[in-house]
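The values are calculated or read from the model by the stated rules, or taken from the named source; none is laboratory data. Computed from a predicted model, the values in this text were never measured in an experiment. Quick reminder, even Gly has a Cβ in these numbers, built from the backbone with ideal geometry, and neighbours come from all protein chains shown.
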Amino acid sequence: MPAPLKTDAIVLRSLRYGEADRILHLYTPRHGRLGAIAKGVRRSRSRFGARLEPFLHVRAMLHEGRGDLFTVTGVDTVAAHAALRDSAAKLDAAARACDAVARLFESSEPHPEVFTLLANELALLSSDAAHARPANGLAFRLKLMLAAGIVPQLAACAACGEPEHLRAFSAAAGGVVCSACEAAAFPLDEECYRFLVGALGRPLARAPDASERALRQAERAIAETAEHHAHVRLRPLLTARDVRIGS
């Protein structure tokens, strides 16, 4: 019998299964994304039902089953992030962060930096509703793309290498492009360019803010890059309501 797997994990998603079980999508630092079943967890007498809610950081004991799912046999809470339940904005931002990780990193390939990034994002969202603003969510996605190896080129034109006159964005080219190469690109304001550079260079806790126009351009750049280079469609982040919350 294989030895049990002891690992830290963040619960990305929890789905009801059968009468009392739950199927869990977990993200771990050394084993990437894992699927697990928590048997009987929805019963009132379950030993660890409340410890397997979405967004919790836990330390889990997993046993390998016959199928693709591990079986949860023990769990301790590392960080409950209980304050996420204080507001709909926090919960929504946490759900979008976990969803982005699930879509960009869906295999068991280890990415410990992604685990740390997600843990930090959930802690920030739990600590202060101000971090639920759209700019923070976009900065988080940019850092995920850096870990995935698909971050857009920002230092120079992705098509010709020109370091100046960077006025547009092309996912096909791989990033910002200059005025001479912008034929198949969409316009990018200077404010959006500054936001993208700042969001990559600063810690999540100090992610820059920007106008609605700049944030919408940034989201388009991120979404088109993820779709073109990772064949992943990220859930839309910016809505009219999101922009009002972030303004």
Qualifying position, being surrounded by 14 or more Cβ atoms within 10 Å (Cβ to Cβ), in contact with a helix residue (DSSP H, G or I) (Cβ under 9 Å, 6 or more places away or on another chain) and modelled with pLDDT under 90, among 49, 32, 40: 40
Complete set of residues in the stretch 125-177 that are farther than 22 Å from residue 110 by Cα, of a type in the set (Gly, Ala, Ser) and in a loop (DSSP other than H, G, I, E, B): 155, 156, 158, 159, 161, 171, 172, 173, 174
Tally of residues being surrounded by 21 or more Cβ atoms within 10 Å (Cβ to Cβ) and among the charged types (D, E, K, R) across the stretch 165-182: 1
Matching residues in the stretch 87-120 - criterion: being touching a His at 6+ places or on another chain (Cβ under 8 Å) and touching a residue at least 60 places away in the same chain (Cβ under 8 Å): 102, 105, 108, 110, 119
Residue in the stretch 98-110 that is closer than 21 Å to residue 4 by Cα, surrounded by 14 or more Cβ atoms within 10 Å (Cβ to Cβ) and either in contact with a Ser or Thr (Cβ under 8 Å, 6 or more places away or on another chain) or not charged (D, E, K, R) (or both) present: yes
Criterion: under 26 Å from residue 148 (Cα atoms), out of contact with any strand residue (DSSP E or B) (no Cβ under 8 Å at 6 or more places or on another chain) and either at pLDDT 95 or above or assigned to a loop (DSSP other than H, G, I, E, B) (or both) - qualifying residue of 9, 97: 97
Matching option when the condition is assigned by TED's automatic domain parsing to the domain that holds residue 238 and at positive phi, among 137, 174: 174
Leading residue by the ranking (farthest from the chain's Cα centre (by Cα)) among those in the stretch 136-164 that are farther than 17 Å from residue 177 by Cβ and surrounded by fewer than 20 Cβ atoms within 10 Å (Cβ to Cβ): 149
